[in-house]
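The values are calculated or read from the model by the stated rules, or taken from the named source; none is laboratory data. Worth saying up front: this structure is predicted, and the values here are computed from it rather than measured. Note: ideal-geometry Cβ built from the backbone for every residue, glycine included; neighbour counts use all protein chains shown. Accessible surface is based on the protein model in full, side chains and every heavy atom, while ligands, DNA and RNA are left aside. Shrake-Rupley method; radii C 1.70, N 1.55, O 1.52, S 1.80 Å.
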Amino acid sequence: MQNNISLASHIGDYQFDNLLLNAAGVRCSTTDELNKTLDSMAGGCVTKSATPEERAGNESPRMKPLPLGSINSMGLPNHGIDYYLKFAEENQGKNGKQVILSIAGLSIDQNIEMLKKVQESSFSGLTELNLSCPNVKGKSQVGYDFDAVRDVLTSTFKFFKKPLGLKLPPYFDFNQFNGIAEVLNDFPITYINVINSIGNGLVVDPETESVVIKPKGGFGGLGGDYVKPTALANVRALRQRLNPEISIIGTGGIKSGMDVFEHVLCGANLVQIGTAFGYEGTPIFERISKELKEIMDKKGYKTLDDFRGKLKTI
Ligand code: SIN
């Protein structure tokens with residue numbers, strides 16, 4: 001009976017046959033990895049967040065798998081905007097799938113420079129501006145500075161006419177939910193993506209009495225099980241505060257169909273899988289699709305709209 005259950009969704013005018021995507025940063029640095037995701041059951045792919053030029057990123061070891069997730073301080077290793085923009089131009093719509101182009105400048109000027117390139121290009125898909133990388137030494141996450149977010153969006157929308165999404169850091173206080181929503185609601189943003197990793201966690205190995213990654217003295221972004229409740233809170237709190245035209249991608253702690261179900265109940269239009277995709281590779285999209293369909297079948301739901309945002313309170 002699961003044949004009549006649909007996992008299709010959309011962000012603005014962009015249709016996705018399946019709501020599952022990779023999260024930026026995981027298995028998406030090369031065209032080979034990106035093509036593998038486009039050839040899988042995922043609804044599309046997201047490119048590694050690009051900087052204006054190629055970057056080597058932070059020193060290794062810079063990612064550590066953990067029993068309940070992962071910690072990383074990659075520092076934006078990537079092939080540069082031209083590499084990912086070319087891929088996005090050539091592959092947007094391949095197999096009926098969407099390519100989301102992620103960019104993460106190290107300054108407002110760098111973001112504007114890259115967005116101008118995107119505007120002038122033939123790329124017709126969604127662009128995601130990452131305002132939340134916690135791992136660049138000496139740079140703080142723009143997403144926590146609401147005036148800076150307003151400044152970058154004001155400058156951007158003076159010339160950027162293509163659909164834009166924002167990758168945001170996790171927020172933890174109702175003042176923060178209110179503050180960021182107030183800024184975002186003033187702009188024609190197509191979607192937000194919450195959350196990036198919980199920045200600057202610290203994992204200690206008591207055996208060796210040491211940190212487990214090298215950059216930044218061991219501080220790094222947490223992903224996986226550690227972050228799911230924070231991710232769900234951000235999807236829910238921002239869905240309650242943002243204009244309805246702004247869609248939400250839920251990212252954080254997804255490794256099963258039930259995790260996706262919870263994100264959608266909180267209001268997610270699409271979801272992205274980071275840590276668990278890193279461990280399992282592209283077969284994860286088929287496994288999670290099957291698990292989600294089983295859950296929907298048991299509950300009598302045929303489409304994601306049947307339960308999206310319908311989380312009950314007690
Ligand atoms: C990284 O490359 O450090 C991760 C990217 C991100 O968290 O935005």
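What are the residues in the range 185-235 that are within 16 Å of the ligand (Cβ to nearest atom), out of contact with any helix residue (DSSP H, G or I) (no Cβ under 9 Å at 6 or more places or on another chain) and on the phi > 0 side of the Ramachandran plot, if any?
Hits for the range 185-235 are Lys216, Gly217, Gly218.
Any chance the range 66-83 includes a residue that's of a type in the set (Phe, Trp, Tyr), more than 12 Å from the ligand (Cβ to nearest atom) and either open to solvent by less than 20 Å² (accessible area, probe 1.4 Å) or under 30 Å from Gly217 (Cα atoms) (or both)?
no
Considering only residues of the range 96-108 that are out of contact with any Leu (no Cβ under 6 Å at 6 or more places or on another chain) and over 14 Å from Asn130 (Cα atoms), which is farthest from the ligand (Cβ to nearest atom)?
Per the criteria, the residue is Gly96.
When the range 5-57 is examined, which residues are found to be open to solvent by 10 Å² or more (accessible area, probe 1.4 Å), out of contact with any Leu (no Cβ under 8 Å at 6 or more places or on another chain) and in a strand (DSSP E or B)?
Those that are open to solvent by 10 Å² or more (accessible area, probe 1.4 Å), out of contact with any Leu (no Cβ under 8 Å at 6 or more places or on another chain) and in a strand (DSSP E or B): His10, Gln15.
Suppose we keep only residues that are more than 17 Å from the chain's Cα centre (by Cα) and open to solvent by less than 30 Å² (accessible area, probe 1.4 Å) within the range 84-95. Which one would you say is farthest from the ligand (Cβ to nearest atom)?
Once the filter is applied, the top-ranked residue is Asn91.
Going residue by residue through the range 225-233, is there one that turns out to be in contact with a Leu (Cβ under 7 Å, 6 or more places away or on another chain) and crowded, with 20+ Cβ neighbours inside 10 Å?
Within the range 225-233, one or more residues are in contact with a Leu (Cβ under 7 Å, 6 or more places away or on another chain) and crowded, with 20+ Cβ neighbours inside 10 Å.
Which residue is nearest to the chain's Cα centre (by Cα), if the candidates are limited to the range 254-280 and must be farther than 15 Å from Gly223 by Cα and not in a helix (DSSP H, G or I)?
Of everything passing the filter in the range 254-280, Leu270 is nearest to the chain's Cα centre (by Cα).
Please verify whether the range 239-246 includes one or more residues that are surrounded by fewer than 21 Cβ atoms within 10 Å (Cβ to Cβ) and part of a helix (DSSP H, G or I).
yes
Restricting attention to the range 112-147, which residues are touching a residue at least 60 places away in the same chain (Cβ under 8 Å) and more than 15 Å from the ligand (Cβ to nearest atom)?
Selection gives Glu113, Gly125, Leu126.
What pairs come up if the first residue lies in the range 92-110 and is farther than 13 Å from Thr37 by Cα, the second is open to solvent by 40 Å² or more (accessible area, probe 1.4 Å) and within 15 Å of the ligand (Cβ to nearest atom), and their beta carbons are under 7 Å apart, counting only those six or more places apart or on different chains?
Leu106/Lys139
Before we move on, is Asp13 closer than 30 Å to Leu304 by Cα and not hydrophobic (A, V, I, L, M, F, W, C)?
Here the answer is yes, as Asp13 does meet what is asked.
One residue is enough: does the range 140-148 have a residue meeting the conditions at pLDDT below 95 and farther than 20 Å from Ile249 by Cβ? Steps first, please.
First, the residues of the range 140-148 that are at pLDDT below 95: 140.
Cutting the leftovers down to farther than 20 Å from Ile249 by Cβ gives us 140.
Scanning the range 140-148, I find at least one residue that is at pLDDT below 95 and farther than 20 Å from Ile249 by Cβ, so the answer is yes.
Condition check: assigned to a strand (DSSP E or B) and at pLDDT 95 or above. Does Ile213 satisfy that?
no
So, in the range 169-185, how many residues would count as being open to solvent by 10 Å² or more (accessible area, probe 1.4 Å) and not in a helix (DSSP H, G or I)?
Residues meeting the conditions: 3.
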